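The values are calculated or read from the model by the stated rules, or taken from the named source; none is laboratory data. These numbers were taken from a predicted model, which means no experiment stands behind them. Cβ placement follows ideal geometry from the backbone for every residue including glycine, while neighbour counts extend to all protein chains displayed. Surface areas here come from the heavy atoms of the whole protein model, side chains and all, with no ligands, DNA or RNA. Shrake-Rupley method; radii C 1.70, N 1.55, O 1.52, S 1.80 Å.
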Amino acid sequence: WEAEVMKKTPQIMLVLVTIAVLAGCACPGGSGKPPGLSAKSNLARDTSPDVPAADQTELVAGNSAFAFDLYQHLRDEEGNLFYSPHSISIALAMTYAGARGETEQQMADTLHYTLPQDQLHPALNRLDLELESRGKGAKGKDGESFELKVTNATWGQEGYEFLPEYLDTLAVNYGAGLRLMDFMGDPDGSRVTINDW
């Protein structure tokens, strides 16, 4: 675990902030970007991943199974509910990229990730890019344009050294890096920063 994910510690301290699924509006703060990208790869996002059709079909089937499982757990809650299983799956995949061993298997089972990691992340990238492209130039009944944006970020503990392979996976498949905060030294301040984002 330690050798695979991080140096200097046996735990992974990633807090996943996700699921700002926005239609026609900007993220808080106006920029749509989390504060302070602190650890990232020099690689750029692959904007045309070569993914076999069978992998894409398997990914979509797994995402659908996860969505139905999640709905079964949430459906009895009081009030209205809006959630994006796709966004949750993408966001947790960013954390899953750093998981190994029992944690990796438990996440795969829960999220219905059946593809190996080296196939899963490019397939998620392709699906995300496909969904993003469908909204370009779309107009509502009122003639106004609209756009669906999914915004995710990963947050890690300051002072931990994250493996370049993990940061490369985030960059190439999600166009993301890692924001570092002092969760242990300032848990409340970290919480406020993440929730404000």
**OP:** Any residue in region 178-195 that's in a strand (DSSP E or B): show its pairings with residues that are acidic (Asp, Glu) and surrounded by 12 or more Cβ atoms within 10 Å (Cβ to Cβ) at Cβ separation under 8 Å, as long as the two are six or more apart or on different chains.
**Re:** 180/158; 181/158
**OP:** Return the pairs, sorted by first residue and then second, in which the second residue is at pLDDT 90 or above and β-branched (Val, Ile, Thr), the first residue lies in region 69-94 and is at positive phi and part of a loop (DSSP other than H, G, I, E, B), the beta carbons are less than 6 Å apart, and the residues are 6+ apart or on different chains.
**Re:** none
Original post:
So how many residues does region 47-60 have that are open to solvent by less than 60 Å² (accessible area, probe 1.4 Å) and free of Cβ contacts under 8 Å to residues at least 24 places away in the same chain?
Top reply: 0
Subject >> Residues located in region 98-116, provided they are within 16 Å of the chain's Cα centre (by Cα), in contact (Cβ under 8 Å) with a residue 40 or more places away in the chain and closer than 23 Å to residue 46 by Cβ >> reply: 98, 99, 111, 113
Original post:
So is residue 113 assigned to a loop (DSSP other than H, G, I, E, B) and of a type outside the set (A, V, I, L, M, F, W, C) or not?
Top reply: yes
